[in-house]
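Some notes on the structure that comes next.
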Amino acid sequence: MTCERTVVALAASILAMAPAPLAAQPAGGTPPEDIAITVSRSADGIALSEDAITLAVGKYYRLGFACTSSDAGDPSFSFDTTPLLRDVHLRVLTVDAIEVYLQGLSFRALQCEGAGSVRFSFYPMRAGNYAVPITDQTDDAVKTSLRVTVE
């Protein structure tokens, strides 16, 4: 057997032993599953359209926060994403129509100071329960959390 054939045979053997999840990863161009959370002020504090979401490890998601005005006033919220982002692979951060391609880089928090939206796409990499604390920037005592479960 020539050296070239030996290398090809060795490479084929290594690929045959590769774990199946390599083939299970989504192909390029696969769109993320969108999750939209609307956030506004209410008489009771901070109102979320959903207060809990469940994700699957390895699936592609785009989580969006839309800060909207209400009778209780203009939005001014801070989202502490640190706990969740420790265990995800970030792809794209979108602020209104501007996209920032992060490709594994990170950020600590998001903030809205008026009506607007922000989204980020990611792959959860570790199962667990996470909280995304949301604070009203005009009154630090007004807080809530988005609960995120990754299975």
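The values are calculated or read from the model by the stated rules, or taken from the named source; none is laboratory data. Owing to the predicted nature of the structure, the values given are computational and were not obtained by experimental measurement. Virtual Cβ from ideal backbone geometry, glycine too; neighbours counted across all protein chains shown.
Could you please let me know if Leu90 is touching a residue at least 40 places away in the same chain (Cβ under 8 Å) and either in a strand (DSSP E or B) or among the aliphatic types (A, V, I, L, M) (or both)?
Spelling it out, it is not the case that Leu90 is touching a residue at least 40 places away in the same chain (Cβ under 8 Å) and either in a strand (DSSP E or B) or among the aliphatic types (A, V, I, L, M) (or both).
With respect to Pro75, determine if the residue is in contact with a strand residue (DSSP E or B) (Cβ under 8 Å, 6 or more places away or on another chain), buried (at least 16 other Cβ atoms within 10 Å of the Cβ) and either under 20 Å from Ala52 (Cβ atoms) or in contact (Cβ under 8 Å) with a residue 60 or more places away in the chain (or both).
It is false that Pro75 is in contact with a strand residue (DSSP E or B) (Cβ under 8 Å, 6 or more places away or on another chain), buried (at least 16 other Cβ atoms within 10 Å of the Cβ) and either under 20 Å from Ala52 (Cβ atoms) or in contact (Cβ under 8 Å) with a residue 60 or more places away in the chain (or both).
What number of residues in the range 105-136 are in a loop (DSSP other than H, G, I, E, B) and under 15 Å from Thr82 (Cα atoms)?
Looking only at that region, the number is 6.
Please find, within the range 33-59, the residue that is surrounded by the most Cβ atoms within 10 Å (Cβ to Cβ) out of those that are modelled with pLDDT of 95 or more, under 17 Å from Leu90 (Cβ atoms) and not hydrophobic (A, V, I, L, M, F, W, C).
By that ranking, first place goes to Lys59.
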